[in-house]
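The values are calculated or read from the model by the stated rules, or taken from the named source; none is laboratory data. This one's a predicted model, so the numbers in the text were calculated from it and none came from an experiment. Every residue, glycine among them, receives a Cβ derived from its backbone with ideal geometry; neighbour counts consider all protein chains shown.
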Amino acid sequence: MDAVYLDHAATTPLDKEILEKMLPYLTEIFGNADSPHALGRKAMNAVDNARDCVAALINAKPNEVYFTAGGTEADNWAVIGGAYAAKEKGRTKLLISAIEHHAVLAAAEKLRADGFEIVQIPVNEGGRCELNALEPLLDDTVGLVAVMAANNETGAVQPIKELADLAHKAGAVFFTDAVQAAPYMPLDVKALGVDMLSLSSHKFYGPKGCGALYIKNGVKIKGHVVGGEQERGLRGGTTNVAAVVGLAEAYKKTVENLPQTTETLTTLRKAFLDGLSVLDGITVNGGNEGDLPSVLNLRIEGVNNADFVYSMDLQGVCVAAGSACASASIKPSHVLTAMGFTEAQAKECVRISFGKYNTEEEVREAAKKAVEIINRLRG
């Protein structure tokens, strides 16, 4: 069996059609988008078109879309820039959901060291942030609330509109990390009621190293990278024109194909679960109705996830444990422990994430390999 890639929540392969659209901006149209000559103007025209495209896809205005070097930068900017802007109004408390990506959690911890108060919003056993968990934490000292649109480890989709409405009633700004949500669900910033929203190109078959941050007009945020006047003076640095073009084209293709993608991924997810049905002691973590079809987080009782991931890799199947590896060990997932798992239980959990290039045949074959490995590791 050829290598089977079932780790699309980590990254996706660059779509060859998107690469073709990027190539001219790496070769013929290589100008700096801020240069006044013809090559620069052509590059800037491509950036403007990409900004218009992304804005239309999320129902925003073009001047509300800012390009970054990825989702991590966009998350950092939203949290840190938003927090310092709120501090000018005397609001120094941040509410951050317990299941956020490390890009948000680490940014919040940096702010804690600078004197901000950071409070985590708990989630239920399905990995969802409920309104009654957020509401008691809100007061007139809260400047920013951050809850991701969909979780990267469990696929749990959050009630963003309702959470944002609560935050706004308390006078706080609401940010959602939509990096994992963007490839698999429509995003409308007006319908969601969010003030800021982040995207990352490599999650939807675009190039790595490029992201976007939506900042609603009128929302105050501190500048992020100094040294240039790019991105309306808030984020300096020479624009990566080819990557920006790739992000916009990849996201456009993703949105156009959402219905088909959902159907395909739902079928693949079911095929993998069907293959594991011969085993006992396998449970789906989260599994709420309406969660992302791309992510399957499983607890495999009696099996260490590091051993499972390594064994699957030896069989040519790429899966994950949902958190970064540190040398030879895998740390317990903060997402799962927030959902009530013990550290020992969290170390029995793995993440399988499907993509548009997977076939049902290879997924079923991967499930067979998984059954063999589980039986061996348990034995």
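General observations
- If you go through the range 329-377 and keep only what is of a type in the set (Lys, Arg) and within 23 Å of the chain's Cα centre (by Cα), you end up with Lys331, Lys347, Arg351, Lys356.
- Within the range 217-243, considering residues that are touching a helix residue (DSSP H, G or I) at 6+ places or on another chain (Cβ under 6 Å) and either at pLDDT 95 or above or part of a helix (DSSP H, G or I) (or both), the one surrounded by the most Cβ atoms within 10 Å (Cβ to Cβ): Val241
Per-residue answers, yes or no, for (1) hydrophobic (A, V, I, L, M, F, W, C); (2) farther than 30 Å from Ala321 by Cα; (3) buried (at least 17 other Cβ atoms within 10 Å of the Cβ); (4) assigned by TED's automatic domain parsing to the domain that holds Arg232:
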| position | (1), (2), (3), (4) |
| --- | --- |
| Leu23 | yes, yes, no, yes |
| Val65 | yes, yes, yes, yes |
| Leu94 | yes, no, yes, yes |
| Ala103 | yes, no, yes, yes |
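- Enumeration of residues in the range 269-290 that are under 22 Å from the mean Cα position of the chain (by Cα), closer than 19 Å to Gly322 by Cα and in contact (Cβ under 8 Å) with a residue 40 or more places away in the chain: Arg269, Asn285, Gly286, Gly287, Asn288
- Candidate set from the range 97-139 (those that are polar (S, T, N, Q) and assigned to a strand (DSSP E or B)); member that is nearest to the chain's Cα centre (by Cα): Ser97
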